[in-house]
Amino acid sequence: MTARKEAILKAAANLFAERGFNETSMAELAKVTGVAQGTIFYHFNNKEELFLKVLDDFRTSITQEFENHIKEKNFTTGLEKVEGALNFYLYLAGSMEERFRILHRHHAYELARINPVCRVHLESIYSCLVDIFEKAILLGQQDGSIREMDARKAALIIYTMVDGLVRFNTYDLYDGGVLSNELFESCRRILENNKSC
C-alpha cells in the first residue's frame with residue numbers, strides 16, 4: 001500500500017470515528033489529508049468503499065494483535081487464556097480507541113442493512129473476536145479449568161460482557177475500567193470448573 005493511500009485510510013478512520021459515516025465528507029477528508037478529492041477517488045471509488053476498507057483493516061490489525069499476544073504469552077490453562085484475552089481486549093480498546101468507536105457507532109449497522117459487503121465485514125470482525133474466546137474456552141475444557149458448556153455460546157456471552165464495558169467508555173457514560181475486576185470475577189464464575197478432581 002502506498003504511503004498516500006495509507007494516510008487517506010488513517011485520516012478517514014479518524015473522521016469516521018469522530019463524526020460517523022454520514023457526517024464525513026470526501027471534501028473534508030481531502031482537506032485533512034492535503035490531497036485532491038480526485039486522488040482519494042483514484043484509490044477508492046466512493047465513501048462506502050473507503051469505509052469498508054477501514055473496517056477490513058481493523059479486522060486484520062486486531063486479529064494480528066491478538067495472534068501476536070497469544071504467541072508471546074504462556075498460559076497454563078484455558079481459563080488463564082480467557083482472562084488474558086479479556087485483559088488484552090481492554091488494552092486494545094484503549095490503544096485503538098478510534099477503531100473501536102467506528103465499530104460501536106450505529107452508522108456501520110445501518111450501512112450493513114443495505115450493503116451486504118459491509119455486513120460481511122462486521123460479521124467477520126465479530127467472528128474473529130468471539131473465536132479467540134471460544135478457542136480459549138475449548139482449551140480450558142480440555143485441561144479441566146473450564147466446565148462443560150456450549151463453548152460458542154459462552155464465548156458470545158463473555159465477549160458481550162467485555163465489549164459492553166468498552167462501550168461505556170466509547171460513549172463516555174461510565175469509566176468501564178473501574179469494573180474490570182468485577183468483569184474478571186464474573187467470567188471466572190461463569191466458566192470455572194469447580195468439580196474437585
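Observations
- Only one entry of Phe21, Phe44 meets the criterion of being in contact with a helix residue (DSSP H, G or I) (Cβ under 6 Å, 6 or more places away or on another chain) and at pLDDT 90 or above, and that entry is Phe44.
- Members of the range 150-180 found to be open to solvent by 20 Å² or more (accessible area, probe 1.4 Å), of a type outside the set (D, E, K, R) and closer than 18 Å to Phe133 by Cα, listed by number: Leu156, Ile157, Thr160, Met161, Gly164, Ser180
- Taking residues in the range 38-66 that are farther than 15 Å from Arg4 by Cα and touching a residue at least 60 places away in the same chain (Cβ under 8 Å), and partners anywhere that are buried (at least 19 other Cβ atoms within 10 Å of the Cβ) and basic (Lys, Arg), the pairs with Cβ atoms closer than 8 Å and at least 6 places apart or on different chains are Phe58/Arg99; Ile62/Arg99.
- Within the range 1-32, if we keep just the residues that are closer than 25 Å to Thr170 by Cα and among the polar types (S, T, N, Q), the residue that is surrounded by the most Cβ atoms within 10 Å (Cβ to Cβ) turns out to be Thr24.
- Checked against the criteria, Ser124 counts as touching a residue at least 24 places away in the same chain (Cβ under 8 Å) and more than 26 Å from Ser186 (Cβ to Cβ).
- Checking every residue in the range 70-83 against the condition of being in contact with a helix residue (DSSP H, G or I) (Cβ under 8 Å, 6 or more places away or on another chain), modelled with pLDDT of 90 or more and among the basic types (Lys, Arg) gives at least one match.
The values are calculated or read from the model by the stated rules, or taken from the named source; none is laboratory data. What you see is a predicted model, and the numbers here were worked out from it, not measured in a lab. Don't worry about glycine lacking a Cβ; one is built from the backbone with ideal geometry, like all the others, and counts go over all protein chains shown. The area values use the complete protein model at the heavy-atom level, side chains included, leaving out ligands, DNA and RNA. Shrake-Rupley method; radii C 1.70, N 1.55, O 1.52, S 1.80 Å.
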